[in-house]
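Novice: Handing you a structure now.
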Amino acid sequence: MLYTCPSCGAGMTYDADVHSLKCMSCGNTFEQAPASDRIDSPAASCANCGAPIENAEKKLTYHCEYCDSWMLLDTNITYQGLTPQKIVPPNSGRGRALEKIRTAFDNIAFMPDDFLYPEDDRCIKGEYVPFFLYDVEGEGRAVYECENTTSWDSGKTTYTKHDIYRVVREYRARYRDVPIDASDRINDRIIDRVAPFDRSDEREGLPKEILPGYEMSVFDKPPDSEEYYERSNAWTRDSSEDRVLSSVRGYDSVNRVESGYSSRNTASTYAFFPVYEYNYVYGSKTGDPEKDRKRSYTIYVNGTNDRVSGRAPISWWKLNLHFIVEGLCTVVSVAAIAGILRMIL
Ligand SMILES: [Zn+2]
Ligand SMILES: [Zn+2]
């Protein structure tokens, strides 16, 4: 379907700041998506201007760059037999996401001047990322070598007693809705750092009125894929081992000497969560994809709770100038660089 304003016929997007569909021309807002032409994919053309719809095989929303229209590609809603079950709309728009990134990176020195100060705020884009939420049952075993040390004096002699304990924990674990992103394009490491998502405003199915303005594609691998299983298994293993370790108390030192864990996914839910993505290429683009990729920086903002994750570039010109002016010693400079490179959590 094509999103067109009932008042003036122009295109509409979802405005997360006012929680409504908004006309890009007359500014009117609407609670419901208008009934409109059905857009099939991948063979269809834009229902507004007739331009071809490109690379639409897996897209749910599509933005026609010729006429600035947003549309929903209806025939992709059910894909490989699966239909979206849950979706959470963003709680605020692109402007606030950009402000959150600026705040998160505000105390990091040596950033290029134009980082996060783009002339066009459209370089930060909104996206609904596909996830599978897994119910997981796991079981594991961990063995810890623990020690308590006691010292006392007798005459001129100090005695130290080492009590060594072997602690065994066998456990079962159950998890609901472990979120694993189902998009190959998304950087798993960064997206995991902006999770979890606030689901208090979660909607059932795929409400059409919250979709335009946000890129959206179907999942890349099915929910029973080996890759997603390995990620959910690692997620629940790490969580379980942390909790089990925290239950081993009363010792001066605790060392894990054995561990084992296995899990199975018992159910999955097909869901979409909102993310803002900011892409920055340091320096002017070379046109060489590999060189540009190495100098590109991606930052994600969780659209439900504003958590930010990503890596900031370093302006080497500023860094050199700083060292000349300040005359910092090597030890300090190493510490500074380590600080700059740290991930923003
Ligand atoms: Zn209008
Ligand atoms: Zn068009």
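Novice: At what distance in nm do the modelled label points of Asn255 and Cys26 sit from each other, each positioned 7 Å from its Cα along Cα→Cβ?
Specialist: If labels sit at Asn255 and Cys26, their model points lie 7.5 nm apart.
Novice: What residues have an amide H closer than 5 Å to that of Glu215, excluding those fewer than 5 places away on the same chain, when H is modeled at 1.01 Å from N in the peptide plane?
Specialist: Gly126, Glu127, Tyr128
Novice: Separate question: Normalised radius of gyration for the stretch 25-75, please: alpha carbon Rg relative to 2.2 N^0.38 Å, two decimal places.
Specialist: This ratio for the stretch 25-75 stands at 1.17.
Novice: Spelling out what I want: for every residue of the stretch 262-273, take phi, set θ = phi - 60°, compute 6.51 cos²θ - 1.76 cosθ + 1.60 (Karplus), and round to whole Hz; glycine and proline get x.
Specialist: 9, 8, 9, 8, 9, 7, 9, 10, 8, 9, 10, 10
Novice: Residue by residue through the stretch 298-305, what is 3J(HN,Hα) from phi via Karplus (6.51 cos²θ - 1.76 cosθ + 1.60, θ = phi - 60°)? Round to whole Hz and write x for glycine and proline.
Specialist: Values per residue, Gly and Pro as x: 10, 10, 10, 10, 5, x, 9, 9 Hz.
Novice: Using each residue's phi in the stretch 214-220, evaluate 6.51 cos²θ - 1.76 cosθ + 1.60 at θ = phi - 60° and report the 3J(HN,Hα) Karplus result to the nearest Hz, with x for Gly and Pro.
Specialist: Once rounded to whole Hz, the list reads 10, 5, 7, 10, 6, 5, 8.
Novice: Amide H neighbours of Arg311 under 5 Å, at least 5 residues apart or on other chains, H built in the peptide plane: list them.
Specialist: Those qualifying (amide H under 5 Å, at least 5 residues apart or on another chain) are Thr298.
Computed from the coordinates by the stated procedures, all read-outs in this text should not be read as laboratory data. All values reported here derive from a predicted model rather than from experimental measurement. Ideal geometry is used to build each Cβ from the backbone, glycine not excepted, and the neighbour counts take in all protein chains shown.
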